[in-house]
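See below for the structure under consideration.
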Amino acid sequence: MSPAWRVWLSMLRRPVAGGPAVACLLAGVLIGLLAHPPRRQADAGSQGSVLRLRPAAAHVHDWRMLEGVGPVLAARLHEACHGRSRVTVADLDAVPGVGPIRIDRWRAYLALDTPR
């Protein structure tokens, strides 16, 4: 059992200010976490399903799924790539706020065209 679960269980054993309603709420949260543990994202090299984003067809909400992309950067990426026939690494690198480190992090999740 992980340390986090031990903390939850120890909290349930202590007297709770607010009475049984709060204890029931905590028990419900614990049961919910046990029944539906958080899902881990698939690694780029694993056999699980991996997000493959096509930059030319991606909308703002699609870009937001990538690590480190907020609303402003997602809008910039959408404006730079949407509707193009081909999107390359150089096209992404030209977007303000995107550099080689971010592109390397995203490479496994992007379906990019290679320049000919």
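Only the coordinates and a few stated rules stand behind these numbers; no lab work does. In this text the structure is predicted, and so the values were computed from the model without any measurement. For neighbour counting, all protein chains shown are included, and Cβ atoms are generated from backbone atoms with ideal geometry for every residue, glycine included.
Across the range 78-94, computed HN-Hα scalar couplings (Karplus, 6.51 cos²θ - 1.76 cosθ + 1.60, θ = phi - 60°) run 4, 5, 6, 10, 5, x, 6, 6, 9, 10, 10, 4, 5, 5, 5, 5, 6 Hz from first to last residue, x flagging Gly and Pro. A simple spin-label model places pseudo-atoms 7 Å from Cα toward Cβ; at Ala57 and Ile31 they are separated by 4.3 nm. Measuring spread by the Cα atoms of the range 60-109 yields a radius of gyration and Dmax of 9.9, 25 Å.
Run the simple label-point estimate for Asp104 and Glu67 please: 7 Å along Cα→C-beta, distance reported in nm. So the label points at Asp104 and Glu67 sit 1.2 nm apart. Taking other Cβ atoms within 10 Å as a rough exposure proxy, Ile103, Ile31 sort from fewest to most as Ile31, Ile103.
Close amide H partners of Leu53, meaning residues 5 or more places away or on another chain with modelled amide H under 5 Å apart, are Leu110, Ala111.
Among His61, His82, the ranking by other beta carbons within 10 Å of each residue's beta carbon, starting with the fewest, stands as His61, His82.
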